[in-house]
1. Assess whether A210 counts as being more than 10 Å from the ligand (Cβ to nearest atom) and touching a Ser or Thr at 6+ places or on another chain (Cβ under 7 Å).
2. Of all residues being within 16 Å of the ligand (Cβ to nearest atom) and surrounded by 23 or more Cβ atoms within 10 Å (Cβ to Cβ) in the stretch 250-269, which is nearest to R11 (Cα to Cα)? Just the residue, please.
3. Could you tell me which of the residues R201, R122, R219, R189 is touching a Ser or Thr at 6+ places or on another chain (Cβ under 7 Å), at pLDDT 95 or above and surrounded by fewer than 22 Cβ atoms within 10 Å (Cβ to Cβ)?
4. If we keep just the residues of the stretch 23-57 that are of a type in the set (D, E, K, R) and assigned to a loop (DSSP other than H, G, I, E, B), which is surrounded by the fewest Cβ atoms within 10 Å (Cβ to Cβ)?
5. Right, V233: under 21 Å from E159 (Cβ atoms), hydrophobic (A, V, I, L, M, F, W, C) and either in contact with a Gly (Cβ under 9 Å, 6 or more places away or on another chain) or modelled with pLDDT of 95 or more (or both) or not?
6. For the stretch 97-113, give me each residue that is charged (D, E, K, R) and either under 13 Å from P40 (Cβ atoms) or in contact (Cβ under 8 Å) with a residue 40 or more places away in the chain (or both).
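The values are calculated or read from the model by the stated rules, or taken from the named source; none is laboratory data. Just so you know, these numbers come straight off a predicted model, no measurement behind them. Don't worry about glycine lacking a Cβ; one is built from the backbone with ideal geometry, like all the others, and counts go over all protein chains shown.
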Amino acid sequence: MHDGPSGIETRTLRGGPIAAALRDDIAGRAAALAAEGRAPKLCVVVAGDDPAAHAYAQSKGRTAAKLAIGYEVVSVAPTAGQAGLIAAVDRLNADPAVHGILIDLPVAPGMDAEAALDRIDRLKDVDGLTAGNIGLVQLNRESEAIVPATPAACIRLAEEAGPLAGRRVTVVGRGRSVGRALAPMLVNRDATVTVCHSRTRDLPDALRTAEVVFVAAGRAGLIGASDLQPGQVVIDAGINMVDGGIVGDVDPAGLDGRVAAFTPVPGGVGPLTSTLIFANLLRAMALQTGGGAVADAAKEATA
Ligand code: NAP
């Protein structure tokens, strides 16, 4: 907590502590399922040689190991093409021992990640990014969906700073991983939502009038302290590689003492997202068996 020149105490909203508490719960539930002979298993498809995709897969593997959850990286050679990628997804869809499937991005040039995502069985879609799951979210039927992990993490962190119902909220980005589902999830929570994108004419105006700002554009430094108003809450989902390090879409310089709360990058949304993937894995298992045996950890996380 920091008290700046304008007298505003700024909170840093970190995903790690929330994720740690959630992991204890997930590990307990996973162990109980394993004892019943239904050990959860997540498979991550890495299609190509992109170092970022391999790094994401390794990072999830470390979380899986901490949770004692089964985990496998399924590599698809760049030469296998789209047919190879689809075949890998189909095989995992059909395998009853696999409960969750993810495709780490980016895939190899020439492969269509969107088409492969849509091929994932919606009940194994632990990222919550298939048309079926995003559609249910859009219809305010989150209890039937596997809820997208990154938007869920963004909302959970924003709620640390106060309830969202009735708030004026601006979302910057309408991409499939974050903004596309985040906007309806905020509407579902009774926020009043403005969505901005690359064709928005007056982004500064949309930022000025918001009480809570969510940013997921994938543009380093797109928003700075001078774009933000005293007392706003700022949630930054952006991940950008700059000079070998990770930065967000919001330049953190000058935020302390100006905004009410913000998520750092790294250390904000990311650590919570990676844990919510595993909460979604248990959620997926419950849906696959027709319901309530496993409580809905992802929904509880944003309740
Ligand atoms: P995306 O599909 O590339 O979408 C980016 C969005 O930002 C688009 O809607 C785009 O507008 C908009 N945009 C780009 N430049 C803009 C500008 N100058 N002003 C306003 N809007 C602009 O991205 P995504 O997959 O949703 O991911 C967004 C970010 O979140 C990325 O940095 C990604 O790495 C990160 N991410 C983080 C996590 C996490 O756990 N923290 C997880 C997943 C993704 P148009 O629609 O008009 O093109």
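1. In short, yes.
2. At the first step, the residues of the stretch 250-269 found to be within 16 Å of the ligand (Cβ to nearest atom) are 250-252, 262-269.
Going one step further and asking which of them are surrounded by 23 or more Cβ atoms within 10 Å (Cβ to Cβ), we end up with 250, 262-263, 268-269.
Values: V250: 16, F262: 7, T263: 9, G268: 12, V269: 14 Å.
Across the stretch 250-269, the extreme among qualifying residues is F262.
3. None of the other options fit; the residue is R122.
4. So the first thing to find is which residues in the stretch 23-57 are of a type in the set (D, E, K, R), and the list is 23-25, 29, 36, 38, 41, 49-50.
Narrowing further to those that are assigned to a loop (DSSP other than H, G, I, E, B): 36, 38, 49-50.
Details: E36: 8, R38: 17, D49: 11, D50: 17.
So, considering only residues that are of a type in the set (D, E, K, R) and assigned to a loop (DSSP other than H, G, I, E, B), the one surrounded by the fewest Cβ atoms within 10 Å (Cβ to Cβ) is E36.
5. Taking the combined requirement at face value, the residue satisfies it.
6. D104, the sole residue that qualifies.
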